[in-house]
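Participant: First the structure, then my questions, so here it is.
The values are calculated or read from the model by the stated rules, or taken from the named source; none is laboratory data. Please read these numbers as outputs of a predicted model, since none were measured by experiment. Using ideal geometry, Cβ is built from the backbone for each residue, glycine included, and neighbour counts are taken over all protein chains shown.
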Ligand code: AQP
């Protein structure tokens, strides 16, 4: 049986990349699969967070899931720290994960930067926690953006190492699902960096809470080049910023990059940006409005998390007992 697991960190500034690379794709999957969607607050604290903001962002990510179309009746929505089995499994998996595997992780290198020696153990162990999140539910598929591919491969390696060490076939090897026309949305200001919550420039991203004016302004200011749109995607080679806007359009319109090139061939970016802006406002505007309504009703949002925690916790507890038995840990 297929089981989907994925999550987003409550680190603020949820953006179009999080939506097109991950959340939007979950909406279609919930119709046909058992889905578990988490707000991964334990991941968020691998870097410093203000406690009050962390609580607010956890509720905001929950609101974004619901406003984007995730149905809490069909799916489980919960936050990671409410299910303590995530941390317990992380420890067991840490004990079988070679340091050499973690040393290869590019996200740690990027986030630790030059101050590697001062980076926290949690930031280094982040991919093991992510593996535990997925494996705790014995998930088979993980819909994520392209930037999470390396962590997913590590989760598969850890699952395989566990099965081999204990001579079992307990964990499925989780498959990444990298879906849609915009699997890595780039910054609107610099096509060599992905759109990111932690980018200092607010003009680099479309936030999920942006209103129509903010969306229009950011798209108008988005960096492009002086050439017109090409007839085919080949004409976007070495034009990172131009390619990014075309991919965003294709993803929002639920069509292909080929189709977008065909539609706008020969047009200048000023004209294209105005069409992109209308499309983005039409798609994101209703979501932003619903996020606002949900944020005004924290009791409802907390109720969703509480009920999701009960359902996720029941699965997690059952699996953790099975894992403890495999590993040889006595239970009370
Ligand atoms: N730019 C992106 N394009 C496509 N998908 C993206 N994702 C993130 N950025 C892009 C996908 O969103 C999901 C949740 O990501 P996360 O909350 O774990 O954050 P992150 O990957 O570390 O990236 P952010 O949002 O930019 O945050 P910061 O600035 O804190 O690093 C994942 O499925 C991810 O692939």
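Participant: Could you tell me whether residue 36 is buried (at least 23 other Cβ atoms within 10 Å of the Cβ) and outside the structural domain of residue 284 (by TED's automatic domain parsing)?
Facilitator: So residue 36 passes the test.
Participant: Residue check, residue 106 against (1) closer than 22 Å to residue 199 by Cβ; (2) surrounded by 12 or more Cβ atoms within 10 Å (Cβ to Cβ), all met but one. Which one?
Facilitator: (2)
Participant: Then there is this: Being near the ligand (Cβ under 10 Å from one of its atoms), surrounded by fewer than 20 Cβ atoms within 10 Å (Cβ to Cβ) and in a loop (DSSP other than H, G, I, E, B) is the requirement here; does residue 190 meet it?
Facilitator: So residue 190 fails the test.
Participant: How many residues does the range 10-23 hold that are out of contact with any helix residue (DSSP H, G or I) (no Cβ under 6 Å at 6 or more places or on another chain) and either more than 10 Å from the ligand (Cβ to nearest atom) or more than 25 Å from residue 276 (Cβ to Cβ) (or both)?
Facilitator: Of the residues in the range 10-23, 0 are out of contact with any helix residue (DSSP H, G or I) (no Cβ under 6 Å at 6 or more places or on another chain) and either more than 10 Å from the ligand (Cβ to nearest atom) or more than 25 Å from residue 276 (Cβ to Cβ) (or both).
Participant: Another question, if that's okay. Between a residue in the range 170-188 that is more than 27 Å from residue 324 (Cα to Cα) and any residue that is more than 10 Å from the ligand (Cβ to nearest atom) and in a strand (DSSP E or B), which pairs come within a Cβ distance under 7 Å, given they are 6 or more apart or on different chains?
Facilitator: Every condition considered, the pairs that remain are 177/141.
Participant: Hey, another quick one. Evaluate the range 205-219: report whether one residue or more is farther than 28 Å from residue 59 by Cα, within 19 Å of the chain's Cα centre (by Cα) and modelled with pLDDT of 95 or more.
Facilitator: There is no residue in the range 205-219 that is farther than 28 Å from residue 59 by Cα, within 19 Å of the chain's Cα centre (by Cα) and modelled with pLDDT of 95 or more.
Participant: Please work out which residue is nearest to residue 136 (Cα to Cα), limiting yourself to the range 26-54 and to residues that are part of a helix (DSSP H, G or I) and within 9 Å of the ligand (Cβ to nearest atom).
Facilitator: Of everything passing the filter in the range 26-54, 43 is nearest to residue 136 (Cα to Cα).
Participant: Keeping to the range 199-217, report how many residues are within 12 Å of the ligand (Cβ to nearest atom), in contact with a helix residue (DSSP H, G or I) (Cβ under 9 Å, 6 or more places away or on another chain) and not in a helix (DSSP H, G or I).
Facilitator: 4
Participant: Can you name every residue in the range 273-300 that is part of a helix (DSSP H, G or I) and farther than 28 Å from residue 254 by Cβ?
Facilitator: Selection gives 298, 299, 300.
Participant: Could you tell me whether the range 12-21 includes any residue that is under 14 Å from the mean Cα position of the chain (by Cα), closer than 22 Å to residue 131 by Cβ and in a helix (DSSP H, G or I)?
Facilitator: The answer is yes; a qualifying residue exists.
Participant: Residues that are more than 24 Å from residue 20 (Cα to Cα) and away from the ligand (no atom under 15 Å from the Cβ), at least 2 per element: which helices (runs of 4 or more DSSP H) completely within the range 95-155 meet that?
Facilitator: 99-103, 121-136
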